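Read-outs: derived from the displayed coordinates by stated rules, not from any lab. Given the structure is predicted, the values throughout are model-derived calculations rather than measurements. A quick note on method: Cβ atoms are made from the backbone with ideal geometry, for glycine too, and the neighbour counts reach across all protein chains shown.
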């Protein structure tokens with residue numbers, strides 16, 4: 001049995017046309033499926049309108065109390081419920097979840113040394129309550145995860161959506177043939193001299209492309225996660241556009 | 001078998017001390033239970049900080065697109081997830097829900113005549129998916145409802161929390177002995193010349209107290225809902241403080 005885990009980020013969430021197209025593709029997928037979504041510009045916009053400064057360290061956001069509140073309002077509130085409602089309108093029974101709901105993803109606040117990223121949660125292999133989520137899938141319910149989890153002590157924590165998607169993929173790979181699909185607005189990873197994205201990527205090839213600077217920035221953790229997932233039992237990892245044939 | 005449905009409003013949500021006390025009481029309740037929460041000042045605060053005007057008609061708020069977004073962010077986002085996380089920390093497995101989640105409360109946008117209240121949802125007896133919610137209760141999961149529902153067409157709608165609580169009570173009364181508990185910061189309904197709240201209230205007595213102006217304002221729909229619930233099979237309705245013995 002297959003389980004398809006889709007992850008969409010800001011560039012899909014923020015663009016109504018891309019989002020509609022994605023949701024159509026998602027709904028047409030006949031297998032058990034999970035959606036994990038990231039943020040989008042709304043959180044940054046809201047922080048700006050509320051005069052809350054964005055604190056960064058080496059390109060990564062630091063989450064203080066005010067930033068967490070915005071993340072929870074935007075990700076767990078507006079974005080999550082909008083997606084769930086859009087799926088409901090398409091006759092998909094979706095259920096929006098943070099990690100606190102059903103205690104289904106219990107994270108650990110990141111060690112403040114050497115850099116204190118604030119209210120950010122990291123996942124361990126035991127973070128995911130597979131039984132709880134599997135129970136939902138068995139009832140043909142589609143879990144829709146926002147990038148917010150919760151510590152054992154009940155602290156809500158900002159958590160990277162790519163990480164949630166790959167942790168879910170790893171946790172379910174003993175049970176299902178898991179296909180992990182990072183959906184975004186580019187076609188995939190393209191090499192110089194070619195106008196078609198790579199259809200396959202090995203770890204050796206990745207190392208080379210990284211050295212050559214073709215895979216860079218935000219793609220690095222994405223590809224690292226993808227390779228790690230494949231090496232840990234996930235059946236297939238896909239990085240590319242929504243319109244692709246499933 | 002009993003089902004206890006607790007409804008808390010802004011005066012409980014906004015006061016950390018009252019909220020902690022309520023959550024302790026709630027967790028100690030041994031029966032199947034549901035929590036329905038209202039808003040609080042946070043939504044009004046956020047609207048003010050974002051310069052979004054609050055439009056009212058005869059003391060009732062009109063929900064335009066911007067107001068809905070704030071309601072969803074604050075109620076379905078921050079308030080709902082904070083409650084679920086606080087329950088998780090108390091070892092209660094709670095699940096935060098809007099009506100869109102699992103399509104469990106499908107409402108209808110209120111008729112814009114004679115007054116257009118905007119994106120507000122009304123409930124019908126068929127609004128509640130009893131099977132879905134019962135399934136959660138059977139797994140010892142505590143549903144925590146925010147005052148946001150969803151139309152069949154996938155439109156998120158602002159919905160009165162008292163109404164959600166009484167609709168849930170009515171829907172479950174054929175199956176359980178339902179006790180509906182409107183918890184707030186006053187002791188209950190007190191009559192002049194007495195310092196103790198009424199322990200019982202009949203419809204006839206309600207009519208008198210209303211005529212005398214002792215029951216007034218926001219208490220009127222609350223008591224109306226309560227009496228209607230009792231007359232429709234709900235076992236018991238309680239209006240009063242958190243600290244009361246269950």
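Of note:
- Fewest-first ranking of A:58, A:187, using other Cβ atoms within 10 Å as the exposure measure: A:58, A:187
- Efficiency of FRET from Cβ geometry, residue B:220 and residue B:111, R₀ 30 Å, rounded to 0.05: 0.90
- Residue exposure proxy: B:238, A:117, ordered by other Cβ atoms within 10 angstrom of their Cβ from fewest to most, comes out as B:238, A:117.
- The protein assembly as shown: C-alpha gyration tensor shape, a/c 1.5 cut-off, then a/b vs b/c: prolate
- Here is how the number arises for chain B: DSSP H runs of 4 or more residues each give -39500 (n - 2.57), the sum is divided by the residue count, and the result at 222 nm is -10000 deg cm²/dmol.
- The residue of chain A whose Cβ sits closest to the rotation axis that maps A onto B, together with that distance in whole Å, is A:77, 1.
- Gaussian network model of chain A, Cα within-10 Å springs - most flexible of A:220, A:62, A:133: A:220
- Label-point distances for residue B:212 to the equivalent site in the other copies, using a point 7 angstrom along Cα→C-beta, read 8.8 nm when ranked shortest first.
- Gap separating the Cα centres of segment B:110-130 and segment A:101-155, nearest whole Å: 35 Å
- Label distances, nm, residue B:113 versus same residue in remaining copies, Cβ-directed 7 Å point: 7.2
- Across the identical copies, how the residue A:152 labels are spaced - nm, sorted shortest first, 7 Å along Cα→Cβ: 4.8
- For segment A:167-246, the extents of the C-alpha atoms along the principal axes are 40, 28, 19 Å, listed from largest to smallest.
- Length-normalised contact order for chain B - Cα pairs under 8 Å, 6+ apart - percent: 24 percent
- Beta bridges by DSSP in chain B, antiparallel share as percent, to the nearest 5: 25 percent
- In range of the label at residue B:235: residues from segment B:8-40 whose backbone nitrogen is under 12 Å from the point 7 Å along Cα→Cβ: B:30-33
- Candidates A:55, A:155, A:235, ranked by Gaussian network fluctuation over chain A, Cα under 10 Å, top entry: A:55
- Gyration tensor verdict on segment A:2-240 (Cα atoms; rounded if a/c is under 1.5, prolate if a/b is larger than b/c, oblate otherwise): rounded
- Among A:170, A:35, A:23, residue whose mean-square fluctuation peaks in a GNM of chain A (springs only between Cα atoms under 10 Å): A:23
- Here the gap between residue B:199 and residue B:1, fully extended at 0.36 nm per residue and compared with their Cα-Cα distance, gives a gain of 68.9 nm.
- Fewest-first sequence of A:106, A:164 by Cβ atoms within 10 Å of each Cβ: A:106, A:164
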